[in-house]
Amino acid sequence: MSKLPAFLSSLVFCLMVFVAFPVVAQSGSAGNAPAAAPPPEKVAQLLKLLDDPEVKTWLQNRPPTTIETAEKEATLEVENIEAQARSRFRALRAAVPTVPSEIAKAARRVHQQASENGFAPAAILLLGILCVGAVFEWLFRRTLHRTKFESPALAQAYAQFGPLIVFAVVSALVFFAVEWPPLLRVVVLYSLLSVIAYRLVLGLFRISMDVGGTSRFHYSRIRIFAAVLASGIAIWAMCRPLGVDPDARSVIVYVFSLALFLIALETIWHRPFDRKGNPPTRTGNILASLYVAALWLLWCINLGGVFWIGIYAVVLPRILSGAEHITSAFALTRWSEEAVNSPRMVLLVRGVRAIIILLALGWLGLVWRYNPNVIARDNPLFQTLVYGLFKSIIILLIADLAWQLAKSYIDSRLPSAETDLGLPPDVVARRARMRTLLPIFRNALAAVLICVAAMTVLAEMGVQIGPIIAGAGIFGVAIGFGSQTLVKDIVSGVFYLMDDAFRVGEWIESGSYNGVVESFSLRSIRLRHHRGSVFTVPFGELGAIRNGSRDWVVDKFRIRVPFKTDMNKVGKIAKEIGKQLLEDPELGPHFIKPLKLKGVEQIGEFGIEISFGFTARPTGEQAAIRRRAYTMITQAFAENDIAFAQPTFQVGGEDKEAAAAALYKRQADAAAQAAAAAGGGASGGP
């Protein structure tokens, strides 16, 4: 770990040298250009100074330049790293044969100290503490069936961690109740901690396996891996207070790391099919093995920061996925919520995710042994980057949590169009307006959060955002002058929304465009025609809008009947059809006023045009009502011997006078019938 700052400083120095090299070269080339001759007086003064003995002594003993010193230091640093690595390898190779003797010496020290203080061997004492804890744990497990939980996830967590807590508390009480000899205390302490940590990890992954976050194969490998890791950490922690030689202790640690490396390789090459049923490929196994080998080598050469970044790249996404499975299962069973996007669910899941990421960052900072004072003195650029990186991640976590909470709240308040049927008109209108405005507000909020988070991250990384904001303002003004049509569309859309001219799901007509409003963006509206076509119309081209989905809809249609038709009879038929339509369970709820005969609209050449009309709710069902009415009117006319008017033609003979008299008589009879029909239609109107 001590080699990491030197390595980073060397890397930064090399970058500075590469950056400074063009400047130095440019200045050197500039110096070769012919310069103006200085005055003779200054030349004489310069020669006089060069002849001064003190100046000559200083020139002979002057320190090397900064670039020369930096290059020399960089070369020496590389040589030092190579020399230290070679020396370390030799020391470890020499310490390998001494490991058994060092372990035996440590065991004898512990046994001797235990005997001198009247204690049994450490293994027996540790076994006794574990047995006492196991007895109390067994007693606690007998009471598990008496405790009932509504949430299965909570019951599983209680069954896994309840006995562990009892075991840990009882073991701790026994441990603190005894005055241990120093060496024996260290052995028992780290052994108990390793057992408790091992059981805690198994409990977490057991719950993850129960909720589907971990497979049974990986759980079996995690058990072995956690056992070796816990044992290695406990032995590594014991070796220093027990007086084990540092090189022998390093060899022991490398042996445990090699065991973990082999377990990881075995897991890679024997893993089963994935969740989609795809078998692991040989290429994937080779790449994964190389990645694990690279991580192990990084750990061996003491590059802990890079090593943990590589571990996070593989392990952290799986931990986050397992934590999400566990928290989601707990929330759904605890609160009985099927909506996974509720604010409470998002707060729990995203909160747990943020806590895990913050803990990972904290551990990474601890591994790097981050010391702000030393870094500020030696490398301010590194200090700015590290500070900015940690703060930026925290800012992004806060922004993500705020966005997810706001989005879930807006989605929960966004009503569905399928639930509007049967509600009062004012409630339906309010819900339609919310369906129109809330998506726009959600998109605007996302844009604001992204801009604020991006600017804050840049500021934390040391970037001056003042010029960026000023440049963005100037660029925005230029864009505004160059895109007046776009600005017109955006401003027109804002005023349309302020005037509540249309909502999602309403039918509107503007010029040659008509259809149902499906959605709209910042500059245009999307209309779905009843034949399936989609119109995307900029707001600036809409103009006057005819909205056919507000308050009520009056639908009228006309039919043509012969001149001799009885209007009173037609009015009664229309009234009966309107009553039947009101009683229809599908179409009846859409009526405001029933179908009725309006009267005679005009007298044509072949018959009389009469109109029918009804008032319905603006739900788009008026076309279905009109089609049903056509069908019922046709059937009713056929049952009551009422025909529809049809054009007729007559062919005259040679007797023109008789034909003219007959024609005059027919016209007079038709006029009389029309007058009688007009009187009857007026009496049967609204």
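Below, the figures for the structure above:
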{"read-out": "Qualifying residue in the range 530-537 (condition: within 16 Å of P439 (Cα to Cα), outside the structural domain of I625 (by TED's automatic domain parsing) and not in a strand (DSSP E or B))", "value": "no"}
{"read-out": "Meets criteria (modelled with pLDDT of 75 or more and assigned to a helix (DSSP H, G or I)) for I450", "value": "yes"}
{"read-out": "Filter result for R271 (buried (at least 18 other Cβ atoms within 10 Å of the Cβ), charged (D, E, K, R) and in the same structural domain as S215 (by TED's automatic domain parsing))", "value": "no"}
{"read-out": "Check on R249, part of a helix (DSSP H, G or I) and basic (K, R)", "value": "yes"}
{"read-out": "Selection from the range 210-226 of residues that are buried (at least 18 other Cβ atoms within 10 Å of the Cβ) and free of Cβ contacts under 8 Å to residues at least 24 places away in the same chain", "value": "I222"}
{"read-out": "Which numbered condition Q112 misses (of (1) at pLDDT 85 or above; (2) under 20 Å from V251 (Cβ atoms))", "value": "(2)"}
{"read-out": "Residue match in the range 644-652 (condition: in a helix (DSSP H, G or I) and modelled with pLDDT under 75)", "value": "no"}
{"read-out": "R282, sole failed condition from (1) over 30 Å from Q84 (Cβ atoms); (2) at pLDDT below 80; (3) of a type outside the set (A, V, I, L, M)", "value": "(2)"}
{"read-out": "Within the range 205-215, tally of residues that are of a type outside the set (A, V, I, L, M, F, W, C) and in a loop (DSSP other than H, G, I, E, B)", "value": "4"}
{"read-out": "Neighbours by Cβ (under 9 Å, 6+ apart or cross-chain): first from the range 307-321, closer than 20 Å to S215 by Cα; second among the β-branched types (V, I, T)", "value": "V314/V292; L316/I356; L316/I357; R318/T214; I319/I356; L320/V352; L320/I356; L320/I357"}
{"read-out": "Unique residue being out of contact with any Lys or Arg (no Cβ under 8 Å at 6 or more places or on another chain) and more than 25 Å from V99 (Cβ to Cβ) when the list is A294, A259", "value": "A294"}
{"read-out": "Hits in the range 550-603 - residues which are free of Cβ contacts under 8 Å to residues at least 60 places away in the same chain, under 17 Å from A623 (Cα atoms) and assigned to a strand (DSSP E or B)", "value": "K556, R558, F591, I592, K593, P594, L595"}
{"read-out": "Residue in the range 227-240 that is surrounded by 16 or more Cβ atoms within 10 Å (Cβ to Cβ), aliphatic (A, V, I, L, M) and more than 43 Å from the chain's Cα centre (by Cα) present", "value": "yes"}
{"read-out": "Flag for V517 being crowded, with 18+ Cβ neighbours inside 10 Å and either more than 17 Å from K598 (Cα to Cα) or of a type in the set (K, R) (or both)", "value": "yes"}
{"read-out": "Selection count, the range 182-222, where residues are modelled with pLDDT of 85 or more and of a type in the set (S, T, N, Q)", "value": "3"}
{"read-out": "The lone exception for K276 - which of (1) at pLDDT below 75; (2) outside any loop (DSSP other than H, G, I, E, B); (3) over 27 Å from D400 (Cβ atoms) it fails", "value": "(2)"}
{"read-out": "S257 over 30 Å from H111 (Cβ atoms), surrounded by fewer than 17 Cβ atoms within 10 Å (Cβ to Cβ), without any contact (Cβ under 8 Å) to a residue 60 or more places away in the chain and in the same structural domain as I224 (by TED's automatic domain parsing)", "value": "no"}
{"read-out": "Residues satisfying the stated conditions in the range 526-541, i.e. touching a helix residue (DSSP H, G or I) at 6+ places or on another chain (Cβ under 7 Å) and either modelled with pLDDT under 85 or of a type in the set (S, T, N, Q) (or both)", "value": "F539, G540"}
{"read-out": "Residue within the range 565-579 that is surrounded by fewer than 15 Cβ atoms within 10 Å (Cβ to Cβ) and of a type in the set (A, V, I, L, M, F, W, C) present", "value": "no"}
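The values are calculated or read from the model by the stated rules, or taken from the named source; none is laboratory data. Remember, predicted model here, so these are calculated numbers, not experimental data. With ideal geometry, Cβ positions are generated from the backbone for all residues, glycine too; neighbour counts draw on all protein chains shown.
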